[in-house]
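**Student:** Once you've had a glance at the structure underneath, I'll fire off some questions.
What follows is calculated from the coordinates using simple rules that are stated; it is not laboratory data. What you are looking at is a predicted structure, and each value in this text was computed from that prediction instead of being measured. Using ideal geometry, Cβ is built from the backbone for each residue, glycine included, and neighbour counts are taken over all protein chains shown.
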């Protein structure tokens with residue numbers, strides 16, 4: 001944890017009102033982004049972000065500083081978003097069985113089958129496709145590809161090993177590709 | 001495999017931690033080829049020999065390159081997704097919610113403490129009553145409602161003492177005194193005079209006694 005974060009944490013613990021406001025303002029966009037990507041349309045991102053900060057405030061005395069403050073916040077945000085989705089849906093976004101089975105099977109030609117899609121169309125499909133990804137693949141892909149975290153950071157946020165992140169990310173990409181190709185074949 | 005056998009490109013010079021354990025001599029497949037090369041694209045450490053074999057495999061199987069191209073296109077699309085921004089005043093909203101949450105938590109704590117106090121009081125009462133049971137004494141209003149058969153028992157849960165009971169009920173003073181003397185359970189509240197003259201002076205049977213029983217207030221209409 002850097003000095004700025006350590007100082008901020010100390011001020012929050014001492015009950016300084018402005019310190020908590022500073023924490024929220026410093027991380028609100030990043031937290032909002034990650035919860036909105038993970039929860040999709042299943043829950044209001046601002047509600048989830050707000051819940052994240054309130055949980056963080058309640059648990060700040062337990063934060064030991066072994067990881068970066070934003071990593072700790074991300075961990076809370078990811079769990080909050082997952083809980084929000086679970087509470088809303090009470091079922092997985094999509095059954096594993098419902099996914100197209102072969103996700104990394106190559107097809108003929110060296111160009112990717114998605115290459116023919118226009119950039120905006122691909123972006124729109126990816127946006128929809130990611131909501132169909134089941135957990136934990138969606139969270140892993142969001143943290144790595146959308147949020148740009150390193151594998152080590154993703155592992156720390158999710159509390160899993162690096163190998164698990166590598167494996168999940170590979171499978172997440174394969175599943176997302178399968179979803180996109182499946183949509184491409186659909187009328 | 002040693003650390004120097006691994007590639008570490010794309011990590012800004014920081015050597016990444018080891019992930020999935022991949023052997024250099026692992027049998028090559030399309031899936032392994034794509035997995036290994038996607039790790040390389042992300043700057044993950046992969047055994048150099050495995051990378052060389054995966055590259056050779058991909059050169060011979062262009063479809064693997066297609067999958068990798070799709071992965072790259074998806075990654076680019078994901079990074080291009082619009083970033084949501086918090087609306088102005090979001091921090092104030094969070095602070096207000098925290099205040100509300102804190103007051104709710106205080107009420108919850110108070111309610112919890114009250115519940116604990118009630119539980120402790122109940123437990124204390126149960127223990128006290130169990131370890132120091134009080135004698136069961138009927139309410140005076142209830143004891144007034146006596147029946148003749150009550151004479152056969154000194155206390156509600158005592159055994160029947162027929163001699164004492166009959167002596168108590170019979171009009172013969174001699175027998176009554178002997179019965180009473182034989183029993184320490186004579187009841188001071190009973191009024192034997194109510195049976196005086198009720199007997200014909202002959203042998204008294206238990207049926208006679210029952211006939212002579214004093215009426216309870218409810219039975220005689222009083």
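**Student:** More than 19 Å apart: what percent of Cα pairs in segment A:1-93 qualify?
**Tutor:** The calculated P(r) of segment A:1-93 puts 38 percent of pairs beyond 19 Å.
**Student:** Using r as the Cβ-Cβ distance of residue B:117 and residue A:44, and R0 as 41 Å, what FRET efficiency do you calculate, to the nearest 0.05?
**Tutor:** Working: r = 39 Å, r/R0 = 0.95.
E(calc), rounded to 0.05, equals 0.55.
**Student:** Sort B:21, B:101 so that the residue with the fewest other Cβ atoms within 10 Å of its own Cβ comes first and the one with the most comes last.
**Tutor:** B:21, B:101
**Student:** Order of B:81, B:39, A:69 from fewest to most other C-beta atoms within 10 Å?
**Tutor:** Arranged by neighbour count, lowest to highest, B:81, B:39, A:69 become B:81, A:69, B:39.
**Student:** Return the average number of partner chain Cβ atoms within 10 angstrom of each residue Cβ along peptide B:85-98. All intermediate terms of the calculation are to be shown ahead of the outcome.
**Tutor:** Details: counts 4, 13, 3, 0, 0, 9, 10, 2, 6, 14, 9, 1, 5, 8.
Averaged over the peptide's residues, the number is 6.
**Student:** Go through A:169-176, B:55-62 and give me the packing order, highest mean Cβ count within 10 Å leading.
**Tutor:** Ranking the peptides A:169-176, B:55-62 by packing returns A:169-176, B:55-62.
**Student:** Ranking B:74, B:114 by Cβ neighbours within 10 Å, fewest first, what do you get?
**Tutor:** Working: B:74 25, B:114 10.
Least crowded to most crowded, the residues run B:114, B:74.
**Student:** While we're looking at this one, here's another question. Would you tell me the mean number of C-beta atoms belonging to other protein chains that fall within 10 Å of each C-beta in A:34-45, as a whole number?
**Tutor:** 1
**Student:** Here is a follow-up. Once R0 is set to 35 Å, what does the formula 1/(1 + (r/R0)^6) return for the Cβ-Cβ distance between residue A:182 and residue A:29, expressed as a FRET efficiency to the nearest 0.05? Intermediate values should be presented prior to the final figure.
**Tutor:** On the way: r = 33 Å, r/R0 = 0.94.
So, using R0 = 35 Å, E works out to roughly 0.60.
**Student:** Which FRET efficiency value, to the nearest 0.05, do you get for residue B:55 and residue B:132 by plugging their Cβ-Cβ distance into 1/(1 + (r/R0)^6) with R0 = 60 Å?
**Tutor:** 0.10
**Student:** Residue by residue through A:137-144, how many Cβ atoms from other chains fall within 10 Å of the Cβ on average? Display every interim value, and only then the final one.
**Tutor:** Working: counts 0, 0, 0, 0, 3, 2, 0, 3.
Whole-number average of other-chain Cβ neighbours for A:137-144 is 1.
**Student:** Another one. How far is the Cα center of segment A:140-174 from the Cα center of segment A:25-74, in Å?
**Tutor:** Segment A:140-174 and segment A:25-74 have Cα centres separated by 18 Å.
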